[in-house]
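Written out below as structure tokens is the structure these notes cover.
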Amino acid sequence: MAMEVTQILLNAQSVDGSIRKHAEESLKQFQEQNLSAFLLSLSNELVSNEKPVDSRKLAGLVLKNALDAKEQHRKSELAQRWLSLDIAVKAQVKACLLQTLASPVPDARSTASQVIAKIAGIELPQKLWPELIGSLLSNIHQLQPHVKQATLETLGYLCEEVSPQVVDQDQVNKILTAVVQGMNASEGSSDVRLAATRALYNALGFAQANFSNDMERDYIMRVVCEATLSQEVKIRQSAFECLVAISSTYYDKLASYMQDIFTITAKAVREDEEPVALQAIEFWSSICDEEIDILDEYGGDFTADSDIPCYYFIKQALPALVPMLLETLLKQEEDQDQDEGAWNLAMAGGTCLGLVARTVGDDIVPLVMPFIEENITKPDWRQREAATYAFGSILEGPSPDKLTPIVHVALSFMLTALMNDPNNHVKDTTAWTLGRIFEFLHGSTVETPIITPENCQQILTVLLQSMKDVPNVAEKACGALYFLAQGYEDVGAVSPLSPFYQNIIQALLTVTRREDAGESRLRTAAYETLNEIVRCSTDETAPIVMQLVPVIMMELHQTLEAQKLSSDEREKQNELQGLLCGCLQVIIQKLGAAETTKYGFMQYTDQIMDLFLRVFACRNATVHEEAMLAIGALAYATGTNFLKYMQGFYPYLEMGLQNFEEYQVCAITVGVVGDLCRALEDKILPFCDGIMTQLLKDLSSNQLHRSVKPPIFSCFGDIALAIGENFEKYLIYAMPMLQSAAELSAHAVADDDDILEYTNQLRNGILEAYSGILQGFKSSPKTQLLMPYAYHILQFIDTLYSEKDMDDAVMKTAIGVLGDLADTLGSHVGPLINQSVSSKGFLEECLSSDDGLIKESADWAKLAISRAVSG
Amino acid sequence: MADEDVSPQSSYHRNAIKTSVHNTSAQRRRQLAVAVGKERREALIRTKRLCREALFDDNEASLEGNMNIDEERAVLNAQASQIIEDLKSAMTYQGKGAAQKKVEALRALRRLLSKSEIPPVKAALQAGAVPLLVQCLSFGSPDEQLLEAAWCLTNIAAGEPEETKSLVPALPLLVAHLGEKSSVPVAEQCAWALGNVAGEGDELRNILLAQGALLPLARLMMSDKGSTARTASWALSNLIKGPQPNAATELIRIKGVLDAIIQHLRNLDDELATEVAWVIVYLSALSEAAVRLLVKSDVVHLLVGKLASSESLQLLIPVLRSLGNLVAADSYMTDMVLVVGHNTTDQILLGLIKCLKSEHRVLKKEAAWVLSNIAAGSVGHKELIFSSEATPLMIHLLSSAPFDIRKEVAYTLGNLCVAPAKNAEQPSIIVHHLVALVNRECISAFIHLVRSADIQSAKLGLQFLELVMRGMPNGEGPKLVEREDGIDAMERFQFHENEEMRNMANGLVDKYFGEDYGLDE
């Protein structure tokens, strides 16, 4: 059955594009036409030691890709296909794979390890391949180190693929024993030790029981700590990675090891190679993450409950930890500010310092100030930059009381540095620090203002001047201006920015047109800052925003006229179109929201809509997303007048709703349908058949990302609200969908926060649909069409109430639906409502809620119910 | 081919604290844009709700009123406890004017419980009202005391379910005072209290039946005094509501009951007739024995007379429902009573037509239901209805009326098109009725029913389509159905969860739109 595939596999890696393509096609055909033979051929290739290493490696990779995919739908399809294969074929593939683990060729072993793990990921949850772990463990006692190494690697991948529930504790114990033994200093082969350390990283999630046992935990911790002192840098790095994973998984078990860990990490940060030192810093960042979460749950109230108590490790380590981190700040790389993905000791150290500040608050300030004061005026740019960076890092966390006096002194120094410092790194960090000052210490909620009428002009002059600096500095200056504007967003009728408004806009537009605006994402930052400036405009400055409309429209028009672009240029063009649509969206939202500006703005809507429709002709997801959002804003601003654009827009709306792959586009389009419903009201009716068809298709698709489903349900409600009793014809489809989704979502798996959050979103969407439908039918002669569903809706609310895991949003919507039910169906549902637990306990609970909106809905529901019950 | 990074812990690192503004700003802007839509939805829903709340306020006590009600309630509760205390001391007082003291305390309590909009029933019960009132009902007490005590109990029984149940200890005495030895006002007041108790639910009804309330109430119904007969009829209709049919059967077998019913229906008192008609509603709905007796009595003619002559909505509803129950329950009605050509038959049809024309939805619905039962009768009945004014009215209702009426009308119209089934054969079609309905564009209305979420209605619709496709001359039925999108409507049931509907719809589609369909064109 198996075929000779060596040549095809080699061809698939050929430098000649056409040969490669042909080979890839053949492989694909082979896979589609005869999966069994395909997999057998590949596993034969992989196991054969006489075959070239390149073809064996690729055979393993193709094998892996035939079993697993990133996309969830495809992944389960591949798993099903594997499971449905003939048992003898599967056994033969598995045998080849296990045999490959003993191959002298490292690449073949490593690929086989991964494939075995993938198969385990499919089969173990089905209770298949029970002998796998046993046969792997028996390999451990082999004398040949390379077999041992491959086996440990396989166990590591296996733990990554399979969830801990699938493996019973006895086997977990054996795996851990084998892994920890492999890590032991007494292990002669460093390859084996490295594989074992990496395997432990993945196996940690399986070790809940073992970490609860003092002796076992002590042993594992000792071995991990010893491995951080290994001769081999990779082993040390991997051991620190284990420590990082332990810090987040077993935070509450660490107390007795913290002293030792501090010593180890401090030594690594100061002396070890960078990859190791970075992991050592990461350990402390991870501890900060844990403590920030726990303290968040305390919510400032130390008697409040958290599942895990805070051990205040950071607070205790503070006097030693902060100096260690400050030292790292001096280890900058020359060109780190030009490289967006850069990550080095200084960056990791500053990031950790910022987390420490958020964890301990005021306590960090006296520990950092001496460092700043000592270094900020030094001739070496590294020292000035490190001092500034330290300052910027600790601005979130400590109280404004503590920081404001310091910032007052520092501000003018910073402004001078931004103008005059000879070093770009220093200027970059200075502008960033100014942005952090405005982000955290400026705004309507801050008591003592940092920015006064006296210094406002100076700040703006410096920032606008810096926007002419090199791209990375200009980009940070835009960011500072962004946060400066954000702080004035709800300032009222008179904004301190108004006198400078025209200049700010002009400066930002100039930045967007800079030749080098593509570097350091300068153009994006400038447009987003412009948006923020628009958003914080007041009545005084609205005319300036109005003047901006034709300017941005012209820019967008020009991008659409450009022809014969290279693919690189086209990509840039698309990005620019996205930015311009985003900018128009904010402008429309702003000008459309006020009566004073709305009228004047209407003269532009025809042209704007025309531009948006042309934008849709380009095939780029981000651009569509932005254009959709802008159209939603436009619909709101134009109201029923939007009808005249519907004919032209509808095909793109439908296209958006069909966009499964770029699901964000789909989600935003669903939101736009809601905007259209509110804008057009019943005039949307002629388009509803098409829209509903798409929405129902979306819901029944298992390809569409699940996050889009809750908004689709809400959208049913929007449509029903808009078209009222005309929703009748969709009831037969929509109601069963809502019912089955309601049944699924009523009982959530409460042990997973993500699932619970999603479930609550789903519930909220379903309830919003019910609310909209009930309200839509209110006072129509067709209300009784809803009677058959009343019982189910009540039951859904009753179940939600008894499950006790809904969030405030669901609670508010649910009590509202109860009221809508009573309001729309009146005395017909009186008896039903009377029987339901929701009408008693749930209503009482909502009536006494602290949340004003819940209480308001509950008051209303009570009134509607009392009427329904008495009528 | 694409090679993936195979190293276990890749170059992942956390986000740097020093970051560009674009990382967060664009995301924040989009979230804001989406949030705006959500806020607007909320605002829309809130305004709709609040606007309706304002409507409520016009009809009911305003919110400011609630404040006063709370205060008022506290005052009333205090008064109730005080009066009960007074009553207690009056009960133990043995001296001169003891009886008078008791009656005064009882009267004060009765006034308190009947005057206010929110009677302080709960407070009175908590203060121990029921045992005192039971004591006041003891045999040999003066009539005035009995009357006031029964009245208090009547008002307590009108309250919440729990409050009604608290009367259980008083029931035997209330039943006892229904008897012939009691004065008429006392008996009537006790009947009233018991009517309230019986109306609460079948649990209390069963207790009352076990305690023998039926016979004395039936006797009371035979009274010549209008108010007594009315109260007793009302109490009886509550008592025999079921769900068990025994009480209804037992009632009709009590000697004199049927005569009393007939006598009261002859009376011109609409209010009395209304309560009696409700008794007939439950008799005819629950008891076959009662139906057999009623159809052969004068009751039917009298009901038909009321139907034709009365304009009272209160009366017409139970009259219609009684007639419908009777026609549906016993073919004697159509075969022997409502014979085509008889005056009664013409009269009932006129009465039903009047109700179909009425503004009241309930009347329309009940009338359509009665008609549908008559239309299930002989070919003669079908022809009579078909040639009457009822048919155009129903055709109009079929496309314009609320859903429940439409369903009843559809049922009737469907019945008009098929002859009564003989043996187990498919009923034969009255073709000229069918053609006439089709010519008046009924198909689309029936297809509308097919699309309904209500299975019964959908079934009705399908049955009519079957008639059209089988019965229309020259085999033009399928084409007519197709023209109105009927195929699509039927295909909706292709995978329907209800097996009967699925088979029915699939069968029709296969039979009339199968492979051969359209070949001869």
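The values are calculated or read from the model by the stated rules, or taken from the named source; none is laboratory data. Computed from a predicted model, the values in this text were never measured in an experiment. Cβ atoms come from the backbone with ideal geometry, glycine included; neighbour counts cover every protein chain shown. With ligands, DNA and RNA removed, areas are computed over all heavy atoms of the protein, side chains included. Shrake-Rupley method; radii C 1.70, N 1.55, O 1.52, S 1.80 Å.
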Report summary line: Pairs returned, first residue in the stretch A:200-212 that is over 11 Å from A:I175 (Cα atoms) and open to solvent by less than 40 Å² (accessible area, probe 1.4 Å), second residue that is at pLDDT 90 or above and not in a helix (DSSP H, G or I), beta-carbon separation under 7 angstrom, 6 or more apart or interchain, are A:F211/A:Y250
Query raised in the report: (1) closer than 24 Å to A:V89 by Cβ; (2) free of Cβ contacts under 8 Å to residues at least 60 places away in the same chain; (3) not small (G, A, S): which one isn't true of A:V15, the others all being true?
Result: (1)
Query raised in the report: What about A:V224, is it over 15 Å from A:A348 (Cβ atoms) and assigned to a helix (DSSP H, G or I)?
Result: yes
**Report entry** Verdict on A:T377 being open to solvent by 10 Å² or more (accessible area, probe 1.4 Å), part of a loop (DSSP other than H, G, I, E, B) and without any contact (Cβ under 8 Å) to a residue 12 or more places away in the chain
**Finding:** yes
Query raised in the report: In the stretch A:266-286, which residues are away from every other protein chain (no Cβ under 13 Å), open to solvent by 30 Å² or more (accessible area, probe 1.4 Å), in contact (Cβ under 8 Å) with a residue 24 or more places away in the chain and under 18 Å from A:L353 (Cα atoms)?
Result: A:R270
Query raised in the report: Going through the stretch B:136-171 one residue at a time, which ones are in a helix (DSSP H, G or I), over 30 Å from the mean Cα position of the chain (by Cα) and surrounded by fewer than 15 Cβ atoms within 10 Å (Cβ to Cβ)?
Result: B:D143, B:P169
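Here's the yes/no breakdown for (1) under 21 Å from A:Q259 (Cβ atoms); (2) modelled with pLDDT of 95 or more; (3) basic (K, R):
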position	(1), (2), (3)
A:E282	yes, yes, no
A:D293	no, no, no
A:G300	no, no, no
A:T303	no, no, no
A:S306	no, no, no
A:P309	yes, no, no
Requested in this report: Inspect the stretch A:687-700 for any residue being β-branched (V, I, T), modelled with pLDDT of 90 or more, open to solvent by less than 30 Å² (accessible area, probe 1.4 Å) and under 17 Å from A:Y645 (Cβ atoms) and give the result as yes or no.
Outcome: yes
Query raised in the report: What are the residues in the stretch B:393-415 that are free of Cβ contacts under 8 Å to residues at least 40 places away in the same chain, open to solvent by 10 Å² or more (accessible area, probe 1.4 Å) and away from every other protein chain (no Cβ under 14 Å), if any?
Result: B:H396
**Report entry** Some residue of the stretch B:326-337 being out of contact with any Pro (no Cβ under 8 Å at 6 or more places or on another chain), modelled with pLDDT under 85, part of a helix (DSSP H, G or I) and within 17 Å of B:V276 (Cα to Cα)
**Finding:** yes
Report task. Could you identify the single residue in B:K364, B:K354 that is within 14 Å of chain A (Cβ to nearest Cβ) and either of a type in the set (V, I, T) or open to solvent by 20 Å² or more (accessible area, probe 1.4 Å) (or both)? Result -> B:K364
Report summary line: Restricting the stretch A:333-349 to residues that are within 11 Å of another protein chain (Cβ to nearest Cβ) and closer than 18 Å to A:E273 by Cα, the one surrounded by the fewest Cβ atoms within 10 Å (Cβ to Cβ) turns out to be A:A342
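Going by the conditions given, is A:S838 hydroxyl-bearing (S, T, Y) and within 12 Å of chain B (Cβ to nearest Cβ)? Talk me through it step by step, then tell me what you get.
Details: hydroxyl-bearing (S, T, Y): yes; within 12 Å of chain B (Cβ to nearest Cβ): no.
Here the answer is no, as A:S838 does not meet what is asked.
Listed here are the residues, each with its yes/no results for (1) in a helix (DSSP H, G or I); (2) within 12 Å of another protein chain (Cβ to nearest Cβ); (3) among the hydroxyl-bearing types (S, T, Y); (4) in contact with a Cys (Cβ under 8 Å, 6 or more places away or on another chain).
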residue: A:D490; (1), (2), (3), (4): no, no, no, no
residue: A:A493; (1), (2), (3), (4): no, no, no, no
residue: A:Q502; (1), (2), (3), (4): yes, no, no, no
residue: A:I505; (1), (2), (3), (4): yes, no, no, no
residue: A:S520; (1), (2), (3), (4): yes, yes, yes, no
residue: A:M554; (1), (2), (3), (4): yes, no, no, no
Query raised in the report: Which of (1) at pLDDT 85 or above; (2) buried (at least 24 other Cβ atoms within 10 Å of the Cβ) does B:K255 not meet, given it meets every other one?
Result: (2)
Query - Selection from the stretch B:470-496 of residues that are within 14 Å of chain A (Cβ to nearest Cβ) and open to solvent by less than 30 Å² (accessible area, probe 1.4 Å) - result: B:A489, B:M490, B:F493
Requested in this report: Identify the residue in the stretch B:87-107 that is within 16 Å of B:L132 (Cα to Cα) and open to solvent by less than 40 Å² (accessible area, probe 1.4 Å) and, among all such residues, is modelled with the lowest pLDDT.
Outcome: B:A98
Requested in this report: Considering only the stretch A:841-863, state which residues are within 21 Å of A:T799 (Cβ to Cβ), within 12 Å of another protein chain (Cβ to nearest Cβ) and among the hydrophobic types (A, V, I, L, M, F, W, C).
Outcome: A:A858, A:A861
Query raised in the report: Which residues, taken from the stretch B:227-246, are over 21 Å from the mean Cα position of the chain (by Cα) and either open to solvent by 50 Å² or more (accessible area, probe 1.4 Å) or over 23 Å from B:N155 (Cβ atoms) (or both)?
Result: B:R230, B:N246
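Only one residue in A:E439, A:E475, A:E454 is within 14 Å of chain B (Cβ to nearest Cβ), open to solvent by 10 Å² or more (accessible area, probe 1.4 Å) and over 21 Å from A:E373 (Cβ atoms). Which one?
It is A:E439.
Could you tell me which of the residues A:Y758, A:Y789 is in a helix (DSSP H, G or I), on the phi < 0 side of the Ramachandran plot, aromatic (F, W, Y) and away from every other protein chain (no Cβ under 14 Å)? Before the answer, list the steps.
On the way: A:Y789 fails: away from every other protein chain (no Cβ under 14 Å).
Sole residue among the options that is in a helix (DSSP H, G or I), on the phi < 0 side of the Ramachandran plot, aromatic (F, W, Y) and away from every other protein chain (no Cβ under 14 Å): A:Y758.
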Requested in this report: Report whether or not A:D428 is more than 14 Å from A:L484 (Cβ to Cβ) and open to solvent by less than 10 Å² (accessible area, probe 1.4 Å).
Outcome: yes
Query raised in the report: For B:S297, all conditions in the list (1) assigned to a helix (DSSP H, G or I); (2) open to solvent by 10 Å² or more (accessible area, probe 1.4 Å); (3) touching a helix residue (DSSP H, G or I) at 6+ places or on another chain (Cβ under 9 Å) hold save one; what is the number of the exception?
Result: (1)
Requested in this report: Could you tell me which numbered condition A:Y770 fails, if it satisfies all but one of (1) within 12 Å of another protein chain (Cβ to nearest Cβ); (2) open to solvent by 10 Å² or more (accessible area, probe 1.4 Å)?
Outcome: (2)
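Based on what the data block shows, is A:L584 within 14 Å of chain B (Cβ to nearest Cβ) and open to solvent by less than 20 Å² (accessible area, probe 1.4 Å)? Explain how you work it out, then say what you get.
Values: within 14 Å of chain B (Cβ to nearest Cβ): yes; open to solvent by less than 20 Å² (accessible area, probe 1.4 Å): yes.
Answer is yes for this residue.
So if I check each of B:L467, B:L462, B:L437, which one is open to solvent by less than 20 Å² (accessible area, probe 1.4 Å) and more than 16 Å from B:M490 (Cβ to Cβ)?
B:L437
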Report task. Return yes when A:S412 is among the small types (G, A, S) and within 14 Å of chain B (Cβ to nearest Cβ) and no when it is not. Result -> no
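Looking only at helices (runs of 4 or more DSSP H) that lie completely in the stretch A:1-78, which have at least 1 residues being among the aromatic types (F, W, Y) and crowded, with 20+ Cβ neighbours inside 10 Å?
Working: elements: A:6-11, A:17-33, A:35-47, A:53-65.
Qualifying helices (runs of 4 or more DSSP H): A:35-47.
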